[in-house]
Amino acid sequence: MGRLFESFDEAWAYFLGRNEPLDDFFAGFPAEEFEGDAWVIEPPADVKAAAAELQQPLARFDWLKLVPSHFLHVTLPGTPANVSAPELEYRRVTCFHDAVAVEVDAPVLKRRFPHKTFLPHLTLAVTTSREDPHELREVLRPLREAYVGEQKATEALHVSFRFSPERLFEPWTVGECIAV
């Protein structure tokens, strides 16, 4: 995987100028299946529906695996203690080294998790192989300024899931749900 970005504008600029293949999302993980866990915020139904519309033009790429509606989420980089009802705005499509995502503007989360490389996002698709970015770039340019929706989050979920290329997007198991 390439370097971590410190802003969405930096990620987008890198994607626009990129000539080398996009990374394979699964290449950085162990070959054997394992159980993962994370704290997440699940977006509301209207945000999920708008995300599904953005995924439609991505379906033509056989090397992109679309994130199913039940798995759409914003990952938190740690426990959500002391996060109070964060407002999230889902807007602008971007592309990282191995994923297409919607940027999430969430000032409360950025203050709570001030890591330079924490960029809250909603992943739309992940790459399944190393592929040339040129055709994807042409598809994403018109989607760049897409507005997906807003949310005032009221809960965070601690979820576990099976991680492998075959099982990644199976429904997660909620271990804990806390009000934020």
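Quick one: is Phe96 touching a Pro at 6+ places or on another chain (Cβ under 9 Å), at negative phi and surrounded by 13 or more Cβ atoms within 10 Å (Cβ to Cβ)? For Phe96, the condition - touching a Pro at 6+ places or on another chain (Cβ under 9 Å), at negative phi and surrounded by 13 or more Cβ atoms within 10 Å (Cβ to Cβ) - is not met.
Applying the set (1) at pLDDT below 95; (2) more than 17 Å from Pro43 (Cβ to Cβ); (3) surrounded by fewer than 13 Cβ atoms within 10 Å (Cβ to Cβ) to Ser164 leaves exactly one unmet item: (3). For the stretch 92-147, the tally of residues that are closer than 18 Å to Asp23 by Cβ and either at pLDDT below 95 or of a type in the set (S, T, N, Q) (or both) stands at 6. From the list Val174, Val159, Val180, Val148, the one residue that fits, being loosely packed, with under 15 Cβ neighbours inside 10 Å and in contact with a strand residue (DSSP E or B) (Cβ under 9 Å, 6 or more places away or on another chain), is Val174. The set of residues from the stretch 53-74 being under 20 Å from Gln151 (Cα atoms), surrounded by 13 or more Cβ atoms within 10 Å (Cβ to Cβ) and either out of contact with any strand residue (DSSP E or B) (no Cβ under 7 Å at 6 or more places or on another chain) or free of Cβ contacts under 8 Å to residues at least 24 places away in the same chain (or both) comprises Pro68, Ser69, Phe71.
Residue pairs whose Cβ atoms lie under 6 Å apart, sitting 6 or more positions apart in sequence or on different chains, and linking a residue in the stretch 17-39 that is farther than 15 Å from Phe161 by Cα to a partner that is surrounded by fewer than 18 Cβ atoms within 10 Å (Cβ to Cβ) and of a type in the set (Gly, Ala, Ser), are Asp24/Ser129. Is it the case that Ala38 is buried (at least 19 other Cβ atoms within 10 Å of the Cβ), among the small types (Gly, Ala, Ser) and touching a strand residue (DSSP E or B) at 6+ places or on another chain (Cβ under 7 Å)? Against the criterion (buried (at least 19 other Cβ atoms within 10 Å of the Cβ), among the small types (Gly, Ala, Ser) and touching a strand residue (DSSP E or B) at 6+ places or on another chain (Cβ under 7 Å)), Ala38 does not qualify.
The values are calculated or read from the model by the stated rules, or taken from the named source; none is laboratory data. Computed from a prediction, not measured in an experiment: that's the story for all the values here. Don't worry about glycine lacking a Cβ; one is built from the backbone with ideal geometry, like all the others, and counts go over all protein chains shown.
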